[in-house]
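A short write-up of the structure that comes next.
Laboratory data are not the source of any read-out in this text; all were calculated from the coordinates shown. A quick note: this is a predicted structure, and the numbers were derived from the prediction, not measured. Here Cβ is always computed from backbone atoms with ideal geometry, including for glycine, and neighbour counts include all displayed protein chains.
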């Protein structure tokens, strides 16, 4: 409060609000102060704080001259001092309705403590100069640490998502599969930017699904949701440049309430190369079977246990349909 000496030898208080603050000296309120703000010189000698404020910085009131605002400024992190002072001045100049600033102060142990300062000018002199100001200071270190931990977690997740060879998503379980979140892999997979799909801004994911596969996708996903199970499906999408692409998707419902569409989270991976390889293998196998069947002699392929794996048409015409994988060879019968 507006004093010219240490708290135990204070002069009479000039502002009525100051008397209410005196009663809180023993309270657990983090930081209370009223200063004569008429000038830097007055602010330097007109400050009062309670014991809790000193405790935030690891001190007692007797360990430092906290009636001197310079002692407080000395504790503020060098990177925060100019911004703090600028906000105070903007409030004094009428540009801000109050003062509010998050800053770091040096704890007695040497580490930095985050505090949130809030203050307001109470009165001015007859010529309009700032006279009295009051405020509180809150220790927000735990909140800041939680925010830092959250940012680090989000950074790691973002890095992971950016390097996944596919698209992670969060969407509504509606007819459009309205996207709420789409990872950066969206562009490589679909040809559309993430922003194009979120909220169906440019196109819905349902429109990207191949027309011939849409109903099947809806049916399979809804069957899984009704059973409360995860779903795993393969289908085609049509990319932004008009190409068909095979994808594999796995997801499940993670949120939903009565009357709501529910929310799905999952991952979609491009499996076009595997599908193309499977198709190429089928073509080769079909061509090989055609060549195999063109041979007029009886021919069959056996596994290590003499079970028929494959036979040609001449064999089936002579011995009847082959019981693949389970039948002994005609030679052994």
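For the pair residue 120 and residue 214, a Förster radius of 45 Å applied to the C-beta separation gives a FRET efficiency near 0.15, rounded to the nearest 0.05. The distance between label points at residue 159 and residue 244 comes to 4.0 nm (points 7 Å beyond Cα on the Cα→Cβ vector).
Quote the FRET efficiency, to the nearest 0.05, computed for residue 263 versus residue 188 with a Förster distance R0 of 30 Å and r equal to the Cβ-Cβ distance. Present the calculation step by step, with values, prior to reporting the outcome.
Values: r = 24 Å, r/R0 = 0.81.
Rounded to the nearest 0.05, the efficiency is 0.80.
Across segment 164-274, the mean sequence separation of Cα contacts (distance under 8 Å, 6 or more residues apart), normalised by length, yields a relative contact order of 27 percent.
How would you rank 104-110, 262-268, highest first, on the average number of other Cβ atoms within 10 Å across their residues? List each step's numbers first, then the result.
On the way: 104-110: 14.4, 262-268: 18.3.
Top of the packing list down: 262-268, 104-110.
Sorting 151, 124 from the fewest to the most surrounding beta carbons within 10 angstrom yields 151, 124.
Once both labels are positioned 7 Å from their Cα atoms along Cα-to-Cβ, the gap between residue 150 and residue 272 label points is 3.9 nm.
Please give the peptides 89-96, 113-120 ranked by average Cβ packing (other Cβ atoms within 10 Å per residue), highest first, as a rough proxy for protection. All intermediate terms of the calculation are to be shown ahead of the outcome.
Details: 89-96: 13.0, 113-120: 19.2.
Going from most to least packed, we get 113-120, 89-96.
What does the extension gain come out to for residue 62 and residue 229, with contour length at 0.36 nm per residue minus their alpha carbon separation? Please report the intermediate quantities before stating the final value.
Details: separation 167, 0.36 × 167 = 60.12 nm, distance 6.49 nm.
Contour length minus Cα-Cα distance gives 53.6 nm.
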